[in-house]
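Colleague: For reference, the structure I am asking about is given below.
The values are calculated or read from the model by the stated rules, or taken from the named source; none is laboratory data. Here the structure is a predicted model, which means the values were calculated and not measured. Note that we place each Cβ from the backbone using ideal geometry, even for glycine, and neighbour counts take in every protein chain shown. SASA here: full protein model, heavy atoms, side chains in, ligands and nucleic acids out. Shrake-Rupley method; radii C 1.70, N 1.55, O 1.52, S 1.80 Å.
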Amino acid sequence: MNVTIIGSGNMGRGIGTRAVAGGHSVTFVDANPEVAEKTAADVKASAKNGAKVSTASLGDAELGDVVVLAVWYGTNIEIAKQLGTKLAGKVVVDIANPLNSTYDGLATAADSSSAEDLAKAIASGAKVVKAFNTTYAGTLIAGEVAGQKLDVFIAGDDADAKAKVAQLVTDGGLRAVDAGPLSRARQIEGMQLLHIVLQGTLGTNWGSALKILG
């Protein structure tokens, strides 16, 4: 697959690393072209099976099969509106955790989530999938924590879209966990809120992972 990652920060780098390690080509898009170039250069070292790494501007980018919005909550919705009908027919991955200003709760309504808010704002025909919000950037680059594959919880209303994201996850050496419809993003985002809060309690310094064992 061709994957467009909008946002070339730490999470964009982590997701891009997993994608190219699985043989998928990645284009990085960022408001700062120098940041996109630096991230692309870092990620190229992990590319396998002919995967290509490139950069583009938001206005000029030819969007891939999968578009990852590796940006904050609120910015994800702004970008979706800016891209408009260019996202029609695309699988759009929302990774945002909608934390409030004091980082002790969620900014979304109780009956919604970042992913659902995005789905309401996005162009008709775009298929929103929640994924990667419970994985930290450093653990994505490593691909594991304590010898265990990372779990990536996936929620969405379109089975084919979820299957594409699951393929990206699996090809990158991680475990895809289908959490159900897009409304399950509420629980996935709440789960990550707890995971974030526990960084101070456990002293894990963003190096921990949420995993289902059984």
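Colleague: How big is the antiparallel share of DSSP beta bridges in the chain, given as a percent to the nearest 5?
Modeller: Just about 15 percent of them are antiparallel.
Colleague: Kindly flag which residue pairs out of Lys120/Lys162; Lys127/Lys149; Lys86/Lys120; Lys48/Lys86 have an alpha-carbon separation exceeding 23 Å in this structure.
Modeller: From Lys120/Lys162; Lys127/Lys149; Lys86/Lys120; Lys48/Lys86, over 23 Å: Lys127/Lys149; Lys48/Lys86.
Colleague: Turning to a different aspect of this structure: Percent of accessible area on the chain owned by carbon and sulfur, 1.4 Å probe?
Modeller: 52 percent
Colleague: Right, something else. Just to be sure I understand: of the beta bridges DSSP finds with both ends in segment 37-140, what percent are antiparallel, rounded to 5?
Modeller: Here the antiparallel bridges make up roughly 10 percent for segment 37-140.
Colleague: Something else about it: Give me the extension gain from Ser124 to Ala146: residue separation times 0.36 nm, minus the current Cα-Cα distance, reported in nm with one decimal.
Modeller: 3.8 nm
Colleague: While we're looking at this one, here's another question. With helices defined as uninterrupted DSSP H runs, which ones in the chain have an alpha carbon span along their own long axis of at least 24 Å and mean Kyte-Doolittle hydropathy of at least -0.5?
Modeller: Sorted by number, the helices that extend far enough and score high enough are 185-202.
Colleague: Looking at [x] 35, 23, 17; [y] 35, 18, 12; [z] 23, 21, 17, which value of semi-axes √(5λ) of the Cα gyration tensor in Å comes from a calculation on the structure shown?
Modeller: [z]
Colleague: Ok, one more. Add +1 for every Lys or Arg and -1 for every Asp or Glu among the other residues with Cβ under 14 Å from the Cβ of Ala163, and state the total.
Modeller: Charge balance in the 14 Å sphere: -3.
Colleague: Another question, if that's okay. Ranked highest first by the average count of other Cβ atoms within 10 Å around their residues, in what order do 173-181, 68-76, 199-207 fall?
Modeller: Ranking, from highest mean packing down: 68-76, 173-181, 199-207.
Colleague: For Arg175 and Ala31 in the same chain, what is the full-extension length gain: residue separation times 0.36 nm, less their Cα-Cα distance, in nm?
Modeller: Residue separation times 0.36 nm, minus the Cα-Cα distance, leaves 48.7 nm.
Colleague: Provide the gained length on full extension for the span Lys52 to Trp206, in nm with one decimal, where the gain is 0.36 nm per separating residue minus the Cα-Cα distance.
Modeller: Separation in residues times 0.36 nm, less the Cα-Cα distance, equals 52.6 nm.
Colleague: Do the sum for the chain: with -39,500 (n - 2.57) for every DSSP H run of n ≥ 4, divided by all residues, what is the mean residue ellipticity at 222 nm, to the nearest 500 deg cm²/dmol?
Modeller: That comes out to -11000 deg cm²/dmol.
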